[in-house]
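Contents: one structure, followed by commentary.
The values are calculated or read from the model by the stated rules, or taken from the named source; none is laboratory data. Note that this is a predicted model, so its numbers are computed, not measured. No Cβ is skipped: glycine too gets one built from the backbone with ideal geometry, and neighbour counts run over all protein chains shown.
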Amino acid sequence: MSGHEHGSEHRPDMTEKNLRYAIYATSTIFILELAGGLYANSLALLSDAAHMFMDVFALVLTYAAIQIAKRPSSHRVTYGYHRLEIFSALINGITLIIISVFIAREAYFRLLEPPQVRGMEMLVIAAVGLVVNLWVTTRLHGHHDLNVRGAYLHALGDTLSSVAVIAGALIILFTGSLLADPVLSFIIVAVILLGSVRLIRDSLHILMESTPRHVDINELVEAVNSIEGVEGIHDIHLWSVCSNVHALSAHILVGEIQVCETVALIDAINKVMAGKFNITQTTFQFESIECGRPLIHGVEH
């Protein structure tokens with residue numbers, strides 16, 4: 001016998017509104033930095049512009065994934081389209097690594113032969129970019145959705161990149177050292193790589209249907225066993241559909257009770273799962289210990 005509790009995380013309209021604003025703002029800064037980088041001959045600005053372009057792509061992908069995820073589930077897609085969020089986040093992480101390779105390559109050649117850079121133009125454009133990036137970052141901060149968090153990491157990387165570009169512009173203006181531009185480009189690459197590796201790691205963790213990081217299975221077993229009427233739990237399978245929808249299937253050992261009595265047990269277990277572990281998709285099979293099934297109080301390996 002099984003019990004299902006189907007739930008979906010409805011993202012508030014404000015999230016979508018913030019994403020739209022972020023797309024408009026990031027697109028504007030991308031165009032500004034691209035033009036400014038070419039004019040000022042600054043690789044740091046052009047690197048940041050490349051990063052901004054990937055961010056525009058990431059934000060659009062994020063927004064599209066949210067829209068598609070709203071589609072209802074069907075007989076062919078029983079969990080709906082939530083997992084598109086994870087594929088979107090994975091693509092974002094991979095594209096960031098690719099762009100980092102090209103930036104690092106160009107920075108290396110500039111270290112060998114630093115070109116002339118217009119420090120003042122570089123400073124003004126980076127300052128404008130910093131203001132906009134700070135605004136976008138605050139708009140996207142605090143979301144647990146992996147897809148939106150991926151977009152937030154992009155924006156945070158842009159903010160840090162803008163700070164680095166400003167520092168590089170000041171160094172060029174006050175010391176005349178042209179090495180600051182390629183060196184800062186390497187710093188930007190490091191920031192991009194750090195965020196992208198984390199994003200890819202978290203995406204693969206979900207795609208591999210690994211246990212959600214926030215759940216301790218031993219703690220979960222103890223919580224279920226403490227419910228009155230439950231004699232044990234085994235054959236536990238726990239995974240994430242996306243970053244905010246988690247699922248559980250398990251066999252529940254009970255005494256000699258009637259089928260109708262399992263309804264109250266399902267409700268009690270689901271209450272613990274949702275309240276303590278944020279698990280909203282559950283399937284339980286009940287087994288009677290009177291039928292010779294061994295009593296198990298832990299995880300069966």
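Of note:
- Subset of the range 74-109 (residues that are part of a loop (DSSP other than H, G, I, E, B) and in contact (Cβ under 8 Å) with a residue 24 or more places away in the chain): Y79, G80, H82, R83
- Filtering S203, S196, S161 for residues that are among the small types (G, A, S), closer than 30 Å to A89 by Cβ and either in contact with a Pro (Cβ under 9 Å, 6 or more places away or on another chain) or at pLDDT below 80 (or both) leaves a single hit, S161.
- Flag for L220 being closer than 28 Å to E85 by Cβ, at pLDDT 90 or above, touching a strand residue (DSSP E or B) at 6+ places or on another chain (Cβ under 7 Å) and of a type in the set (A, V, I, L, M): no
- Close Cβ contacts (under 6 Å, 6 or more residues apart or on different chains) running from residues in the range 140-162 that are within 25 Å of V128 (Cβ to Cβ) and in a helix (DSSP H, G or I) to residues that are among the aromatic types (F, W, Y) and at pLDDT 75 or above comprise L140/Y152.
- Selection within the range 101-119: residues that are of a type in the set (A, V, I, L, M) and modelled with pLDDT under 85. The member of this set that is surrounded by the fewest Cβ atoms within 10 Å (Cβ to Cβ) is L112.
- Set side by side, the residues I227, I257 differ, and just one is in contact (Cβ under 8 Å) with a residue 12 or more places away in the chain, under 13 Å from F284 (Cβ atoms) and in a loop (DSSP other than H, G, I, E, B), which is I227.
- Considering each residue of the range 232-248 in turn, at least one proves to be among the acidic types (D, E) and at pLDDT 90 or above.
- The criterion of being outside the structural domain of R118 (by TED's automatic domain parsing), in contact with a helix residue (DSSP H, G or I) (Cβ under 7 Å, 6 or more places away or on another chain) and of a type in the set (S, T, N, Q) does not hold for S249.
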